[in-house]
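Since the structure comes first, as structure tokens, the remarks are kept for the end.
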């Protein structure tokens, strides 16, 4: 599974634009086998100083699904709704290890 971590702040006054993006992006995500694993307001930073207002985790079955989503013409059409209503955006793709043992083996072989 590929998980995309989204961290961002809303530009004050642009909330309606981002709400429209959310309404329009869901069918596109569905087409590309994406699942919203978690989406919400950040409540507390427990360690570190990376403070963002919103957090989202979106899961894709494969990296190809994520690539197809990213290049989907309908997504490209609505992307400005997201980009013009948010700031301090951090977008990271993560490929999960099947277990913590596998992660430890990976580190042992690094």
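Computed from Cα atoms, the angle from the helix 15-31 axis to the main principal axis of the chain rounds to 50 degrees.
Ranked by how many other Cβ atoms sit within 10 Å of their own Cβ, fewest first, the residues 44, 1, 10 fall in the order 44, 1, 10. Over the chain, DSSP H runs of length four or greater, each weighted -39,500 (n - 2.57), average out per residue to a 222 nm ellipticity of -13000 deg cm²/dmol.
With a simple spin-label model that places each label point 7 Å from the Cα along the Cα-to-Cβ direction, the separation between residue 28 and residue 63 comes to 2.2 nm.
Residues of region 36-71 with the amide nitrogen closer than 15 Å to a label point 7 Å from the Cα of residue 79, along Cα-to-Cβ, please. Only 66-71 pass the distance filter. Fully extending the segment from residue 55 to residue 14 would add 13.0 nm, taking 0.36 nm per residue of separation and subtracting the current Cα-Cα distance.
Straightening the chain between residue 91 and residue 45 buys 14.8 nm, computed as 0.36 nm per residue apart minus the Cα-Cα spacing. Largest GNM mean-square fluctuation across 29, 47, 91, computed for the chain with C-alpha springs under 10 Å, falls on 47.
Readers should treat all values here as calculations from the given coordinates under stated rules, not as data from a laboratory. Keep in mind it's a predicted model, so treat the numbers as computed, not measured. Counting neighbours? That spans all protein chains shown, and the Cβs are built from the backbone with ideal geometry, glycine included.
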